[in-house]
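The values are calculated or read from the model by the stated rules, or taken from the named source; none is laboratory data. All values derive from a computational prediction rather than experimental measurement. Cβ coordinates were reconstructed from backbone atoms using ideal geometry, including for glycine residues, and neighbour counts include every protein chain displayed.
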Amino acid sequence: MLGIGGAAMAQTAVLRVSAIPDEAPTELQRKFKPLGDYLQKETGMEVKFTPVTDYAAVVEGLASNKIDLAWLGGFTFVQAKLRTNGGAVPIAQRAEDEKFTSKFIVPANSPVKTLADLKGKTFAFGSPSSTSGHLMPRFFLKQDGIDADKDFKAVAFSGAHDATVAFVASGRAEGGVLNASVMDKLIESGNPNAAKVRVIATTPPYFDYNWTVRPGLDPALTKKLTDAFLKLDPANPEHKEIMALQRASKFVPTKVSNYDGIEAAAKAGGLIK
């Protein structure tokens, strides 16, 4: 029978990981499996991946100490930072996340050629809390003189990037926007919906995804996790699959101030106070 100390030890031996549900749950699990095995080896802990149904659940999981490590979008990180009074800490991001973009799409046979042509049309964002599927595209549309609340005939939220492509491919929306990485992946994998849409514009770059640890996580474990991400190398055969699934050339350190621009855009758009 475990004593008090033993029970506490047994509890801390599990690393609880989650991710924002920006793609289908099966895809998130597939992407995480080799990374989870790697983190298990690097930390000596059992790694448990817990899928969630919405972005807010990841933020709450970090805030309530139910999740130790989470894959967040830039905007979700800002929400987590505010929710935890600065306690949530970003530890690493892909090199690709320093210059992330979103792509605007329309049905392949649409007459729409420019963003301005989308005025008066139906439009699909991803999740309301998505950086690349809502916040930053909305911000850049505004800079281009398009107010999503007034200039579109109707706005829908598909919930995830791959779902946005399905919306536009099926004609449920006359335009949409999603993260460039998922769009590229869908095209490369021969996704039938991706073949039915075309890209009309790409946003300017911005910081996006990162791996964030919960407030109060043991500093030694935080360092172990950070080091584990930073030493991943696609040239290493053992790391190749992990990096391919994460669509990463390498992981680099990140910091809170990288996300100041996203916080400013969210405030300007009235999405946070």
- Item | Restricting the range 37-84 to residues that are buried (at least 16 other Cβ atoms within 10 Å of the Cβ) and in a loop (DSSP other than H, G, I, E, B), the residue that is farthest from the chain's Cα centre (by Cα) | M45
- Note on the structure: Among (1) within 20 Å of V182 (Cβ to Cβ); (2) out of contact with any Leu (no Cβ under 9 Å at 6 or more places or on another chain), Q143 falls short only on (1)
- Item | The one condition in (1) touching a helix residue (DSSP H, G or I) at 6+ places or on another chain (Cβ under 6 Å); (2) assigned to a loop (DSSP other than H, G, I, E, B) that G171 fails to fulfil | (1)
- Task: Output the qualifying pairs, or none if there are none: Cβ atoms under 6 angstrom, residues six or more apart or on different chains, first residue in the range 188-211 and closer than 14 Å to M136 by Cα, second residue surrounded by fewer than 14 Cβ atoms within 10 Å (Cβ to Cβ).
- Result: P205/K99
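Every residue, every condition in (1) modelled with pLDDT of 95 or more; (2) among the aliphatic types (A, V, I, L, M); (3) out of contact with any Pro (no Cβ under 6 Å at 6 or more places or on another chain); (4) at negative phi, yes or no:
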{"site": "T212", "(1), (2), (3), (4)": "yes, no, no, yes"}
{"site": "D218", "(1), (2), (3), (4)": "yes, no, yes, yes"}
{"site": "K240", "(1), (2), (3), (4)": "yes, no, no, yes"}
{"site": "A248", "(1), (2), (3), (4)": "yes, yes, yes, yes"}
- Message: Please go through the range 129-169 and give me each residue that is out of contact with any strand residue (DSSP E or B) (no Cβ under 8 Å at 6 or more places or on another chain), of a type in the set (K, R) and in contact (Cβ under 8 Å) with a residue 12 or more places away in the chain, ordered by number.
- Response: K142
- D149 is checked against (1) more than 23 Å from the chain's Cα centre (by Cα); (2) not in a helix (DSSP H, G or I) and fails just one. What number does that condition carry? (2)
- Note on the structure: All conditions in (1) assigned to a loop (DSSP other than H, G, I, E, B); (2) surrounded by 22 or more Cβ atoms within 10 Å (Cβ to Cβ); (3) in contact with a Gly (Cβ under 6 Å, 6 or more places away or on another chain) are true of P215 except (2)
- Of (1) within 24 Å of G261 (Cβ to Cβ); (2) of a type in the set (A, V, I, L, M); (3) part of a helix (DSSP H, G or I), V155 fails just (3)
- Message: Among the residues of the range 119-128, are any touching a strand residue (DSSP E or B) at 6+ places or on another chain (Cβ under 8 Å), in a loop (DSSP other than H, G, I, E, B) and under 29 Å from P219 (Cα atoms)?
- Response: no
